[in-house]
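**Q** Before we start, here is the structure in question, set down as structure tokens.
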Amino acid sequence: MNIGHPLSIGTPCPNRFCLILDDYFQSVQSNQIGELYIGGSGLFRGYYNRPELTQQVLIELYSIITGDIRTYYRTGDLVKLNNQSEIDFIGRTDFQVKLRGQRIETSEIEAVILRAFEHNTAPKNIQKCLVTKVTDEQTQQDYLAAYLQTDTAGLEPRTQQHLEKQMKAACQKQLPSYMIPSFFIFLNQLPLNSNGKVDRKKLINIFRSQYEDAKRVLRDQHSSLIEPQSDLEKKVYHIWESVLQLDCDRKVSMQANFYELGGNSLLMIKLNNMYREEFSRIDGNKLGLQQLLKNSTIADHVLLIEGGIAQTETANGHYTNVDQLLWKPLYLTEGRVSFAQERIWFDAKIRFDEQLYETAIYNEPVVVRVQKSNVSINRLKRAINEIIRKHAVLRTAIIYDPNDECLKQYVKPMPPSLIAATDFFSFDITHISPNEEEFHRILAEEQRSISSLNVAEGILLRCHIICLRQNASVMKNQPKIDFDLNSDILNVDDIILFIFHHIAFDATSGEIFLNDLHLAYESNEHPLPPLPLQYIDFAYYERDLDMSAAKDYWIKQLSNFKNLSPINLPYDYKHELQRTRSGKSSSVHFNVEKTLANQMLSYAEERKVTLFQLCLAMYYSYLCKLTGASHICVGGVTANRYNPVLQSLIGMFVNTIPYCLQFEPSSTSFDKILSEVQKICLDALPHTHFPYQEISHLHGQQQMKESQSATLNELIQLFLQVEHIDIDRQQTNGWWTDPLMKIEDVKEKGGVAAVVTKFDLTLRVEYDSKRDAISIIFLYSRDLFLESTIQIMSERFHILLHQLFSATFDKAKQPICELPILLQIEENMLRELNDTNADFNERSIKPINEEFFDRANECSQKLAIILDEQSLTYGETLYFVEQVSSCLVREYYVKAQDIICQCLDRSIEMVIGILATLTCGCVYCPLNPQDPVNRISLLMKEVKPKVLLTHERMNDLFFNWDKQPVSILNIAIKLSEKNMKYFPSHIESMPVVNFDMPNIAYIIFTSGSTGIPKPVRTQTGEIKTNKRINYICNQK
């Protein structure tokens, strides 16, 4: 066995089963570490006189072979199934530790250290390595400490510090940061206990004795990083606290990584905007999103800001980046729509044809629940009107101008006084019983309705109040009740449903709207503060931007995709591909297991990528395996609020971006795909404001208004959406909470999701940062797919995730073509591993001592025992066994199931003692003569033997033995020639051993490495089974 490498322990013996399970008793993938469970024939019955311990290790589990419940032994061994279908031993669960929420196999760290220096000259001769968790008793902080047995112990502190750096550098190349030991302690010899095992308690004492020096080294490593010093560092530090919502009492190092603290690309955009507001004299070339993402620590950002201050403006006084433009209000009342609005309008009219299918495509719901009584509907209306006054986009009519051949927007004027009228939004009240199904039906109707909003008239917001009343059933067939003074008050748990048209509203707008709603409702008579500019001003500035650099970028990006063909997905209705879509959709979802989710998040943190980038790489890999395509284009969205002044505006800013990748599946690893994805995303960041319709046109398509139905979806038919959510969020803003639910959770009465989709297939990933929970949703067009097809696709993707993040798959070396996405029916490897059924052909196998007697009668002159220069024939051995058996029965009065311990060195007498004990029907229990006397005494006290067999060489060990009430038989003396004449053969008088009875044949002790050794009992029937197994193995 090579140092630090796994040891193969082979495959199960005949009629035995092995399961490799995780912490939740689920089978792990091959090459993924799990705990070994052994069942089948010959399984021991339990520990001797230890029923509680037996219950912990003998567990009933489902057998994948027999299809029933079987008993398995929980070994505590960490193993994995290697590529040769053999089981590799990795380590023990006893030494598995949990550090800062991460479960760590210390054996893996030990293996890395040993391998790293196996052929290294410095440090020399690392014989052993052991890693444990240690705790600073003062701060209660946990660390990992590595103890190394090496001839470098006793070196000067500087030399040892140099070696520690080498150790850490080696670990950093192969281990994630949380698995790198903080302390390396060099010892001439690891302390051992009486069992010859490493004494971990003494290691703790060694650590404590050296802790002050080690703690000083650790303090030196971090003292300059924890606290920000300059005013600039403190400002940046506090901005991070605000954006990441860090606990003020929690000290974060200046070298802390943005992503490790829970950051993502959206929060980085928010961080960048706050930098713009706080540091007005920053050069955009020095501090763009691309630079911030590549340099993701607080200290890095401080350096970037320092380099950008005082280099703000060019000679003509204009910023060089779009995120540096100085925009001022223009007070426009009409003008061209924005590029995003243009895309939405044509999409709804042409590609989906809302009038034909009578289904709204872009109705966006926001649902809130009332949390305080006495909420006034009249006051709520006034608050809504105040928001509409502040955000002119919500009272903007969008109309196609045939003269100018373009879409234009017209802002409707609004009276200066606060009003409760509903001239600028749609309003309704419905009384229902507290029935979730009824509410979902109303919500589904509102999402599909094409009459509740009117883009051409500037009605872009609808408020539908749903009053939950116990007596609402009597009003079920009555017309809907409009506002009157008698129904002005809302009660707790009443629901307010807001519907916005997507042409004036995006996801970021939701939070802005709810915050303004709270302010407007509470202030009542006081108007909301004005905006720095209106959405129509943005539309004007956007069309005046110089996008030549962005255009050149996308031309270059798309140059390799001129002949891009649609992905050959398993469509059920291919004939619908060239038709207009209804937008009707359904979804299939699954929740990623906690362990798998942690693996995904840890891997993203390790590779310093965003969750979106990781999911995009996984989506590419999946689509490649599913379809065989190697030229893949997946769409994504960008918030597109690149200027700080846009952060407070309600409106439609989102832009769709194509992410195209070409790779060779047979030679491209997942790590390489992820690196390419990260590069594509970072390179695209400065150019994500370039309108998607223009990108589509650059791809060889016609103008959107001329041939919309056949062109828009050819570039992007697949979509990826990653959303960071907080299910626990109950942000109470005085009288309401949000959000009530996610859109995908809303179901119609028939079970069909009341959502629409704009693409053939959308992969939606939802991440709950509070729980570190991830949900996967496949949103699909019902015009193209059946639910059963998507269900299979979802299961395949789930399998891919498991395989991708298991130890089986080497993400750095193995090509993605080797990623399996097979269903359960194809998981035959584990079944074959446990297909160990063997036919014994009813061969009669007797007890060991009877087999020996038969052989002695058949060939008494053949050699039976050979030891160095000594030997005995079968006949001689039989004679000696008879003598000792007779002595035990006649002089020591042993009877069946009495325990006889034997403490002998390797000798001929040892074999005779075993056979004699079994011949008497007694229980054989071996003891190691190399053990200390106290240990032997402890073991004998555990089993309470009737007789102890030994010989003269053990006289010193048992001289003046008075520790146990046990008879001691010197087997060598009894076998001497002068004593043999007193013991004629009495074999026929020996008790008959019934192998079909649950008698104990022998007791052996565990090593005791984790505590007091435990006696394990083995029954006579199990010996018979094991002999059968050995016979089959020998025949094979």
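The values are calculated or read from the model by the stated rules, or taken from the named source; none is laboratory data. These numbers come from a predicted model, not from an experiment. Glycine also receives a Cβ, built like all others from the backbone with ideal geometry; neighbour counts cover every protein chain displayed.
**Q** Being without any contact (Cβ under 8 Å) to a residue 12 or more places away in the chain and in a loop (DSSP other than H, G, I, E, B) is the filter; apply it to region 426-460 and report the residue that is farthest from Ile387 (Cα to Cα).
**A** Across region 426-460, the extreme among qualifying residues is Asn435.
**Q** Suppose we keep only residues that are under 60 Å from the mean Cα position of the chain (by Cα) and surrounded by 13 or more Cβ atoms within 10 Å (Cβ to Cβ) within region 857-866. Which one would you say is farthest from Arg906 (Cα to Cα)?
**A** Among residues in region 857-866 that are under 60 Å from the mean Cα position of the chain (by Cα) and surrounded by 13 or more Cβ atoms within 10 Å (Cβ to Cβ), the one farthest from Arg906 (Cα to Cα) is Ala864.
**Q** Sticking with this structure for a sec: Just give me the residues in region 337-353 being modelled with pLDDT under 90, of a type in the set (Phe, Trp, Tyr) and part of a helix (DSSP H, G or I), in sequence order.
**A** Within region 337-353, Trp345, Phe346 meet the criteria.
**Q** Follow-up. Does Ser509 satisfy the condition of being part of a helix (DSSP H, G or I) and either among the hydrophobic types (A, V, I, L, M, F, W, C) or modelled with pLDDT of 90 or more (or both)?
**A** So Ser509 passes the test.
**Q** Conditions first: (1) part of a helix (DSSP H, G or I); (2) out of contact with any helix residue (DSSP H, G or I) (no Cβ under 6 Å at 6 or more places or on another chain); (3) buried (at least 20 other Cβ atoms within 10 Å of the Cβ). Tyr603 passes all but one, so which condition is the exception?
**A** So Tyr603 meets the others, but not (3).
**Q** Looking at Ile269, is it more than 20 Å from Glu233 (Cβ to Cβ) and modelled with pLDDT of 70 or more?
**A** Yes.
**Q** Follow-up question, since we're still on this one. Looking only at region 912-927, decide whether some residue is modelled with pLDDT of 90 or more, of a type in the set (Gly, Ala, Ser), within 17 Å of Ile968 (Cα to Cα) and buried (at least 21 other Cβ atoms within 10 Å of the Cβ).
**A** yes
**Q** Further question on the same structure: If we only count helices (runs of 4 or more DSSP H) wholly inside region 645-730, which ones have 1 or more residues that are outside the structural domain of Leu244 (by TED's automatic domain parsing) and modelled with pLDDT of 90 or more?
**A** 670-684, 692-698
**Q** Still on this structure, please answer the following. I'd like the residue in region 625-638 that is modelled with pLDDT of 90 or more and small (Gly, Ala, Ser) and, out of all such residues, is farthest from Gln534 (Cα to Cα).
**A** Only one residue tops the list, namely Gly635.
**Q** So, Ile442, is that one under 40 Å from the mean Cα position of the chain (by Cα), under 30 Å from Ala348 (Cβ atoms), at pLDDT 80 or above and surrounded by 13 or more Cβ atoms within 10 Å (Cβ to Cβ) or not?
**A** Spelling it out, Ile442 is indeed under 40 Å from the mean Cα position of the chain (by Cα), under 30 Å from Ala348 (Cβ atoms), at pLDDT 80 or above and surrounded by 13 or more Cβ atoms within 10 Å (Cβ to Cβ).
**Q** What number of residues within region 41-63 are free of Cβ contacts under 8 Å to residues at least 12 places away in the same chain and in contact with an Asp or Glu (Cβ under 8 Å, 6 or more places away or on another chain)?
**A** 1
**Q** Within region 517-541, track down each residue that is surrounded by fewer than 21 Cβ atoms within 10 Å (Cβ to Cβ) and part of a helix (DSSP H, G or I).
**A** His518, Leu519, Glu522, Ser523, Tyr540, Tyr541
**Q** Right, next: Any idea which of Lys408, Lys412 is at pLDDT 80 or above, in contact with a Gly (Cβ under 6 Å, 6 or more places away or on another chain) and within 27 Å of Arg389 (Cβ to Cβ)?
**A** Criteria check complete, one pass: Lys412.
**Q** Looking at (1) assigned to a loop (DSSP other than H, G, I, E, B); (2) in contact with a Gly (Cβ under 8 Å, 6 or more places away or on another chain), which one does Asp423 not meet, given that it meets all the others?
**A** (2)
**Q** Check Glu334 against each of (1) surrounded by fewer than 17 Cβ atoms within 10 Å (Cβ to Cβ); (2) at pLDDT below 85; (3) under 24 Å from His689 (Cβ atoms) and name the one condition it does not meet.
**A** (2)
**Q** Exactly one of (1) modelled with pLDDT of 85 or more; (2) touching a His at 6+ places or on another chain (Cβ under 9 Å) is unmet by Ala122. Its number?
**A** (1)
**Q** Only residues that are within 16 Å of Thr132 (Cβ to Cβ) and modelled with pLDDT of 80 or more: list them for region 183-197, please.
**A** Answer for region 183-197, where residues must be within 16 Å of Thr132 (Cβ to Cβ) and modelled with pLDDT of 80 or more: Phe183, Phe184, Ile185, Phe186, Leu187, Leu190, Pro191, Leu192.
**Q** Does region 907-932 hold any residues that are under 12 Å from Thr950 (Cα atoms) and either touching a residue at least 60 places away in the same chain (Cβ under 8 Å) or under 52 Å from the mean Cα position of the chain (by Cα) (or both), and which are they?
**A** Scanning region 907-932 gives Glu909, Ile912, Pro926, Leu927, Asn928, Pro929.
**Q** Where in region 809-902 are there strands (runs of 3 or more DSSP E), lying fully within it, with 2 or more residues that are closer than 21 Å to Leu969 by Cα and modelled with pLDDT of 85 or more?
**A** Counting at least 2 such residues, we get 899-902.
**Q** Another one. Six or more apart or on different chains, Cβ under 9 Å: which pairs go from a residue in region 508-519 that's outside the structural domain of Ile650 (by TED's automatic domain parsing) and within 18 Å of Val654 (Cβ to Cβ) to one that's small (Gly, Ala, Ser) and surrounded by fewer than 21 Cβ atoms within 10 Å (Cβ to Cβ)? Could you list them?
**A** Short answer, once both residue conditions are applied: Thr508/Ala639; Ile512/Ser648.
**Q** If Val393 passes every condition in (1) of a type in the set (Val, Ile, Thr); (2) modelled with pLDDT under 90; (3) closer than 19 Å to Ile344 by Cα but one, which one does it miss?
**A** With (1) of a type in the set (Val, Ile, Thr); (2) modelled with pLDDT under 90; (3) closer than 19 Å to Ile344 by Cα applied to Val393, the lone miss is (2).
**Q** Sticking with this structure for a sec: Could you grab me the full set of residues in region 296-331 that are of a type in the set (D, E, K, R) and either modelled with pLDDT under 85 or over 47 Å from the mean Cα position of the chain (by Cα) (or both)?
**A** The answer is Asp300, Glu306, Glu313, Asp323.
**Q** Under the condition of being under 29 Å from Ala684 (Cα atoms) and among the aliphatic types (A, V, I, L, M), which residue from region 555-590 is modelled with the highest pLDDT?
**A** It comes out as Ile555.
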